[in-house]
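A short write-up of the structure that comes next.
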Amino acid sequence: MGIRTIEQLRERLRGEVVTPSDAGYEDARQVYNAMIDRRPAAVVRCAETGDVSAAVDFARTSELDLAIRGGGHSVPGFSTVDDGVVIDLSGMHDVLVDPERRTARAQGGATWGAFNDATHAHGLATTGGVVSTTGVGGLTLGGGIGYLARGVGLSCDNLISAEVVTADGQSLVASDRENEDLFWAIRGGGGNFGVVTAFEFQLHPVAEIYGGPMFFELEDAGAVLRGYREFIVDAPEAFGGFPAWQIAPPLPFIPEERHGDTLLAFVACWAGPADEGERILKPLRDMGRVVAEHIGPMPYPALNSAFDALYPPGALQHYWKANFVSELTDEAIEAHLEHGPKVPVVNSTVHIYPINGACHRVGPDATAFAYRDATFATVIAGMWPDPADNEANIKWVQDYYAATAPLSEEGGYVNFMSGDDQDRIRSNYKGNYERLVEIKRKYDPGNLFHLNQNIQP
Ligand SMILES: Cc1cc2nc3c(=O)[nH]c(=O)nc-3n(C[C@H](O)[C@H](O)[C@H](O)COP(=O)(O)OP(=O)(O)OC[C@H]3O[C@@H](n4cnc5c(N)ncnc54)[C@H](O)[C@@H]3O)c2cc1C
């Protein structure tokens, strides 16, 4: 007999259930994107794997929609649902480091901030997100792009094993040796296959990096983008970083008279020997006139939280679009130059992340993440404070996307896509799609886990 009522569920949990009649419900239903305003029937704050199994059982037996929340950053709002059940993993946030084996075990609700702090204490790191409040869960399951990707691969490439609660409520280990098909699918296939309660990662010796943001004159943006295109082809792999359209925020290192100007930023991260940093970054710095920069040695977690203040949880409306790019053509750069300078607010941006280097050494069918020949993953990230401005900001993203998508690959990175991108799922996975469908049929034939970029069984 499955769990049929909230009362039965409560009896089975070490964590708690928050329903609309409970104090704390307003807080419990919050997610990162302020545009998402959903009212779940129950938010299950899980404390252990058994709680996750019980909540899965309850949702399946009661035929309620089920959302999984790791860090809650899903822009389309996949981690909450009206009238359904939310499995909130934020209480399961421990990160344990084994410095001897150079591995870390993160619970399913850990954030990259907690992860980086824990591993940095041992001079170790792996690829994670560029904002510290993003969840390890959603980011890794979709692929995982960050400063270290060119050197050590995507986050999912560094996954050694995972513990997964599947649709029948069982907890399975997925690795190269156990449930290999599931392990293949969760490295890029998103939250389609189950709830990951723990991730085990390979770590690498990275403590201090040399880098930070520099801001170029808008008139030099074309030269910088063209220079970046050439530079990134054979830049040493310990170099990561990306250009970004950015209205200059009122930061102390930017001349006051330039605050509010639209500029082309470049955020650089050199994770190789510190004394080589200046030399490695020089060609970039020489690509245009630098208005301001804040470059130097810093702890790896510091760079990964340096922009947190621009993206406060729950305070911004979000609408994003994305594409993979194999070749950043002159025509594509012209499209960026037309739309980038129209970036409407200080929080909005466009990042052109490099995903060559180590990411290319993994075969296109070795994990679910298929775009192993794309050089860049572009995200057009609309983020703005006032809902009254929704129309104008969404239009900026859509116009930008309309101009650049035809000059890009068909697919995009699932973690950067919108809720209105469901018709692009097949393209995101190219040749891996059919196998994903097969594995979905095996582990989740009823599509219990459908609040994601959904692979239908
Ligand atoms: C400010 C910001 C910065 C970002 N920066 C980066 C970046 O640098 N690199 C990058 O690659 N991406 C980045 N992203 C995108 C990010 O990868 C996705 O938003 C991702 O889904 C966030 O994961 P989460 O756990 O925080 O989200 P959630 O909203 O909790 O979950 C997102 C999806 O993943 C599923 N999921 C989450 N955790 C689990 C779990 N433990 N088990 C099973 N399913 C789970 C959910 O069901 C949902 O479908 C960023 C997003 C934001 C908003």
proj_area_mean for the stretch 168-207 (convex hull on C-alpha atoms), units nm², value 3.8 nm²
Long-range alpha-carbon pairs in the chain, meaning those over 29 Å apart, account in percent for 45 percent
Length-normalised contact order of the stretch 320-374, Cα under 8 Å, at least 6 apart, in percent, tallies to 39 percent
accessible surface per residue for the stretch 53-107, probe 1.4 Å, DNA/RNA/ligands not counted, whole Å² -> 38 Å²
Rounded to the nearest 10 degrees, the helix 221-234 long axis (Cα) sits at an angle to the longest Cα principal axis of the chain of 70 degrees
If each K or R counts +1 and each D or E counts -1, the residues other than SER90 whose Cβ falls under 9 Å of its Cβ total +1
Relative contact order of the chain (C-alpha contacts under 8 Å, at least 6 apart) in percent is 16 percent
Ranking ARG177, ARG187, ARG279, ARG289 from most to least accessible area with a 1.4 Å probe gives ARG177, ARG279, ARG289, ARG187
Compactness check, the stretch 5-65: C-alpha Rg relative to the 2.2 N^0.38 Å globular estimate gives 1.13
Farthest towards the positive end of the dipole of the stretch 371-457, among PHE376, ASN447, ILE394 and with Cβ unit charges of +1 on Lys and Arg and -1 on Asp and Glu, lies the Cα of ASN447
For the chain, percent of DSSP beta bridges that are antiparallel (nearest 5) comes out at 90 percent
Helix 49-61: inclination vs the chain longest Cα principal axis, degrees, rounded to 10, gives 70 degrees
Computed about the Cα centre, the charge dipole of the stretch 1-133 from +1 Lys/Arg and -1 Asp/Glu charges at the Cβ has a magnitude in debye, to the nearest 20, of 280 debye
If every Lys and Arg gets +1 and every Asp and Glu gets -1 at its Cβ, then about the Cα centre the stretch 262-360 yields a dipole, in debye to the nearest 20, of 240 debye
Using a 1.4 Å probe on heavy atoms of the protein chains only, the accessible area for GLU331 in Å², nearest 10, reads 120 Å²
Descending accessible area (1.4 Å probe), largest on the left, turns HIS294, HIS318, HIS450 into HIS294, HIS450, HIS318
To the nearest 10 degrees, the tilt of helix 433-443 (Cα long axis) against the first principal axis of the alpha carbons of the chain is 30 degrees
For the stretch 22-100, using Cα atoms only, the Rg and Dmax in Å read 13.5, 46
Taking the chain and counting helices only, DSSP H stretches of n ≥ 4 at -39,500 (n - 2.57) each over all residues, the nearest-500 ellipticity at 222 nm comes to -7000 deg cm²/dmol
Over the stretch 308-454, with neighbouring protein chains present, the accessible area per residue in Å² at probe 1.4 Å is 39 Å²
VAL362 neighbourhood, Cβ < 15 Å, K/R = +1, D/E = -1, net charge 0
A 1.4 Å probe over the protein heavy atoms gives the stretch 1-154 a carbon and sulfur accessible-area percentage of 46 percent
Over all viewing directions the Cα convex hull of the stretch 328-457 casts an average projected area in nm² of 9.3 nm²
The long-range amide H neighbours of GLY153, using H built 1.01 Å from N in the peptide plane and a cut-off of under 5 Å, are ALA358, CYS359
Using alpha carbon positions and the Kirkwood radius, the Rg to Rh ratio of the stretch 223-350 is 0.94
Order by accessible surface, 1.4 Å probe, largest leading, for residues THR197, THR61 comes to THR61, THR197
Computed about the Cα centre, the charge dipole of the chain from +1 Lys/Arg and -1 Asp/Glu charges at the Cβ has a magnitude in debye, to the nearest 20, of 640 debye
When the charge dipole of the stretch 304-450 is computed with +1 at the Cβ of Lys and Arg and -1 at the Cβ of Asp and Glu, the Cα pointing farthest to the positive end, of HIS360, VAL350, ALA405, is that of HIS360
Unit-weight point scatterers at every alpha-carbon of the stretch 55-149, Debye formula, q = 0.11, 0.16 1/Å: log10 I(q)/I(0) is -0.36, -0.68
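The values are calculated or read from the model by the stated rules, or taken from the named source; none is laboratory data. These figures come from a predicted structure and were not determined experimentally. So basically every Cβ, Gly included, is an ideal-geometry build from the backbone, and we count neighbours across all protein chains shown. Note: areas computed on protein heavy atoms with side chains; ligands, DNA, RNA excluded. Shrake-Rupley method; radii C 1.70, N 1.55, O 1.52, S 1.80 Å.
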